[in-house]
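Let me begin by presenting the structure, written as structure tokens, before commenting on it.
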């Protein structure tokens, strides 16, 4: 039997093989060998049971582990209450809860490395018992004492033994000396915490229920701490003082955050303000708690799990410290630390204070208020309200602004697109240089506005094709446009397409998913740096209504560009006139028409009122709209000549759509400059 098992080494080296059921239906890996080996590589076990904040902070070591061991499998054992923090982490292959079953399994496995973060007897005993070639971190001596397991753990170990070193000398962050402990290169990697799709939807729904907008100035107060160190929290009176001062300014919204141990104190604070603050639930678990904490832009907190969660969520953090070591915390340049450097007894890490908690009672509350004001004085989204309409410039320069031409069909021509729904979006990751070159070609042709390659990066499309990181492709696309623009004043339009196929008449997506799709995509485009949102090829009234309302109420600069076929009606059946009137209620930068024919445009322009900012960029392709391959059927000269007929109606912008290329834009620019 042993020889038979030894002959199966290829299946044991594959991550997919469990020995319980087939990796692929109908195929027996055990008898026929591995069908598609996904190498386990270096096997690594991380032991980290202690405080939730420490577990979150340890996730910052994962990128360094993957840099050192690119082909590896990472296992992590932690407490059942903490394991949800590791959900949806792309670097972790399996999480074990600390229980008898997991210990039994782990002690039968073999590892290349075991890395123990904790200085606790149970964690150190597990490191001793696990079968591993290399043991890093902390081990248990036969006397029961904790000892360093490797030379590189010595500094970390000394911090626990030497108060002078820990409280007065050390300036290194926890991430720094933990990387040294595990013999990793320290590159100041960030914490890793990822929401699921359902959680992202929950966040958006909660914001809607709480009437919170992204342009609101929202401050989160993490009011408490764990019961292990109860003196790490400010008093209820201090919180009331701060919140009262902020509410008096009539420009902030306040959210109270915390866990089960904070329920009573949060209620007392909320009751004091009688509905003027949002008291979030505290008993729904750490994942829901993270959902609530993701909403504010700024978090005020002590050195608690809530602080570490805010760091993981990349919030601006105002963290105050008393008994704990502020030097060990890295806010990643997103926040400030409030402490009393000259207080002789702080930090101390004592559970009972002999000095009347001076480190907490004497905190500079006015400085906290000033730091909040400083942050929001440069709050980017508020500046959106002050932006001028860029299409008003067309009136000043007495010519329409030039929008660029097709991106997707050009990439398709170069064989850089996918045949899946994501289509041209793959180029943002796989063909970045070509995307930048195409943007620059349009700029050289005379474009005043370039459009991001995001026509297929909306969440609904990405998720339907198996993509889990719905933000990365959007960020990449906008970054490529910004790199092409350089230091010029060229505008970047963020392309936001219909949630489903552009020409699809029947709706299959739910209203809930449709709204979530657009909110997330629009926010991602705006946060990545687009100058305005170009809602393209829109022809369903429910979709148009939601986008207009969302952008209008949140002061998001937007253009609504309609698609029509052969009648002045939307695909959903409503009159174009009614749709335009609805959109205009929310102050768009302009109305547009795209991807249609010149015949359809002739019907559309009759609905444009004098003085309205409007423009068009029409389809230059041949064949049917639903053809999978788009080929140019209107020459650049012909397109420019046809577009010339509409200059008398004073369009604010003109560009070209599917099937066009930089020559179309060049001819447009020459024609327009010749007319003006």
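Computed from the coordinates by the stated procedures, all read-outs in this text should not be read as laboratory data. Just so we're clear, the structure is a prediction, and the values are computed from it rather than from any experiment. When we count neighbours, we look across all protein chains shown, and the Cβ atoms used for this are built from the backbone with ideal geometry, even at glycine.
For this structure, a couple of remarks:
- Model label zone, residue 236; criterion: amide N under 20 Å from point 7 Å along Cα-to-beta-carbon; scope segment 289-313: 301-302
- Its alpha carbons considered, segment 519-571 gives a radius of gyration followed by a Dmax of 11.9, 37 Å.
- Fully extending the segment from residue 215 to residue 633, taken as 0.36 nm per residue of separation minus the present Cα-Cα distance, adds 146.1 nm.
- Exposure proxy order (Cβ contacts within 10 Å, fewest to most) of 442, 20: 20, 442
- Estimated distance in nm for a label pair at residue 89 and residue 28, the labels positioned 7 Å out from Cα along Cα-to-Cβ: 3.9 nm
- Distance between the 7 Å Cα→Cβ label points at residue 141 and residue 271: 5.2 nm.
- For the pair residue 673 and residue 185 in one chain, pulling the backbone fully straight at 0.36 nm per residue adds 170.0 nm over the alpha carbon distance.
- Acute angle (nearest 10 degrees) that the helix 662-675 long axis makes with the longest principal axis of the chain, alpha-carbon atoms: 50 degrees
- Packing-based exposure ordering (other Cβ within 10 Å, fewest first) of 441, 673: 673, 441
- Listed from fewest to most Cβ neighbours within 10 Å, the set 488, 431, 660 follows the order 488, 431, 660.
- For the chain, the 222 nm mean residue ellipticity estimated from helices alone, with every DSSP H stretch of n ≥ 4 adding -39500 (n - 2.57) and the total spread over all residues, rounds to -10500 deg cm²/dmol.
- C-alpha long axis of helix 263-273 to longest principal axis of the chain, angle in °: 50 degrees
- Förster-model FRET efficiency, 51 Å R0, residue 167 and residue 487, C-beta, rounded to 0.05: 0.60
- A crude spin-label estimate for the pair residue 430 and residue 198, with each label 7 Å from Cα along the Cβ direction, gives 3.2 nm.
- FRET E, pair residue 158, residue 395, Förster distance 60 Å, beta-carbon r, rounded to 0.05: 0.30
- For the chain, the longest principal axis of the C-alpha atoms and the axis of helix 472-485 are separated by about 60°.
- Theoretical gain in end-to-end length, residue 15 to residue 567 [0.36 nm per residue, Cα-Cα removed]: 193.1 nm
- Distance-filtered residues of segment 483-501 - backbone nitrogen under 18 Å, label point 7 angstrom along residue 464 Cα→Cβ: 496-501
- Mean Cα-pair separation over length for the chain, i.e. relative contact order, pairs under 8 Å, 6 or more apart, %: 9 percent
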